[in-house]
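Asker: Supplied in structure tokens, the structure appears directly below.
The values are calculated or read from the model by the stated rules, or taken from the named source; none is laboratory data. What you see is a predicted model, and the numbers here were worked out from it, not measured in a lab. Neighbour counts run over all protein chains shown; Cβ positions are idealised from the backbone, glycine included.
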Amino acid sequence: GAVVSQHPSWVICKSGTSVKIECRSLDFQATTMFWYRQFPKQSLMLMATSNEGSKATYEQGVEKDKFLINHASLTLSTLTVTSAHPEDSSFYICSASGVGGRLNQPQHFGDGTRLSIL
Amino acid sequence: GQQVMQIPQYQHVQEGEDFTTYCNSSTTLSNIQWYKQRPGGHPVFLIQLVKSGEVKKQKRLTFQFGEAKKNSSLHITATQTTDVGTYFCAGTNAGGTSYGKLTFGQGTILTVHP
């Protein structure tokens, strides 16, 4: 159980393109989803917390207009990197907690999306 | 803000040797979770510790949570090549208002030589 699907796995696109990444919880309802960014051999940096039916909570230094997050249902959250540039190239990973997003809930991670902007 | 420090950053061991990674938080934690990320993969949840002084075991892995709930460790006995990967600790700040938000340590990259 607790499977999180993330799509696409790889994206290569030109500078200026907007890229949408989907994160789905397949066998449970996720009130809360999290979006992380990870550079090679580094830790996961939380970008934002996505709550179903409300606005996402962004971490300090993360541009809201650059990284658009939508959590339209209990099983789907999307991250759109708008007008992507080479510096946005990274590994983006989503995770989901169970219903209620209560404390002490483990997070279940998607496989990640490797984004390369040319 | 909350910081979670993890050491060492890298650890190279011979197969059969033991391995330990340590995690320290700048603030008291509500709970601490441990994850393993294989090369090219995504983090996979290993375990969660909630109680002060808690010790949990999973086969060759032993997890500890400090009495003050500010530090934790993961010890692997007799490492195997399948243990290769990056081990992350991640904590939830006690009294935090953001449900479920984790702060990850930098991770320890474990290499096991056969």
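Asker: Give the residue that is nearest to the other protein chains (Cβ to nearest Cβ), with candidates limited to residues of the range B:13-42 that are in contact with a Leu (Cβ under 8 Å, 6 or more places away or on another chain) and over 19 Å from B:N93 (Cβ atoms).
Answerer: Checked the range B:13-42; the qualifying residue nearest to the other protein chains (Cβ to nearest Cβ) is B:K36.
Asker: Filter the range A:75-110 down to the residues that are at the interface with chain B (Cβ under 7 Å from one of its Cβ atoms) and surrounded by fewer than 16 Cβ atoms within 10 Å (Cβ to Cβ), then identify the one that is modelled with the lowest pLDDT.
Answerer: Residue satisfying both the conditions and the ranking: A:R102.
Asker: Right, something else. Scan the range B:16-27 residue by residue and report those that are surrounded by 13 or more Cβ atoms within 10 Å (Cβ to Cβ) and either part of a strand (DSSP E or B) or at pLDDT 95 or above (or both).
Answerer: B:E17, B:F19, B:T20, B:T21, B:Y22, B:C23, B:N24, B:S25
Asker: Right, next: Out of everything in the range A:10-29 that is aliphatic (A, V, I, L, M) and in a strand (DSSP E or B), what residue ends up being surrounded by the most Cβ atoms within 10 Å (Cβ to Cβ)?
Answerer: A:I21
Asker: Further, regarding this structure: Can B:Q58 be described as surrounded by 13 or more Cβ atoms within 10 Å (Cβ to Cβ), modelled with pLDDT of 95 or more and not β-branched (V, I, T)?
Answerer: no
Asker: Test B:T92 against the stated conditions and say whether it is β-branched (V, I, T), surrounded by fewer than 19 Cβ atoms within 10 Å (Cβ to Cβ) and either within 12 Å of chain A (Cβ to nearest Cβ) or within 13 Å of the chain's Cα centre (by Cα) (or both).
Answerer: No: the conditions fail for B:T92.
Asker: Within 13 Å of chain A (Cβ to nearest Cβ) and at positive phi, is that true of B:G85?
Answerer: Spelling it out, B:G85 is indeed within 13 Å of chain A (Cβ to nearest Cβ) and at positive phi.
Asker: Something else about it: Please go through the range B:95-114 and pick out each residue that is away from chain A (no Cβ under 12 Å) and touching a Gly at 6+ places or on another chain (Cβ under 7 Å).
Answerer: Selection gives B:L110 alone.
Asker: Conditions first: (1) more than 11 Å from chain B (Cβ to nearest Cβ); (2) of a type outside the set (S, T, Y); (3) closer than 18 Å to B:A90 by Cβ; (4) surrounded by fewer than 21 Cβ atoms within 10 Å (Cβ to Cβ). A:M47 passes all but one, so which condition is the exception?
Answerer: Of the numbered conditions (1) more than 11 Å from chain B (Cβ to nearest Cβ); (2) of a type outside the set (S, T, Y); (3) closer than 18 Å to B:A90 by Cβ; (4) surrounded by fewer than 21 Cβ atoms within 10 Å (Cβ to Cβ), the odd one out for A:M47 is (4).
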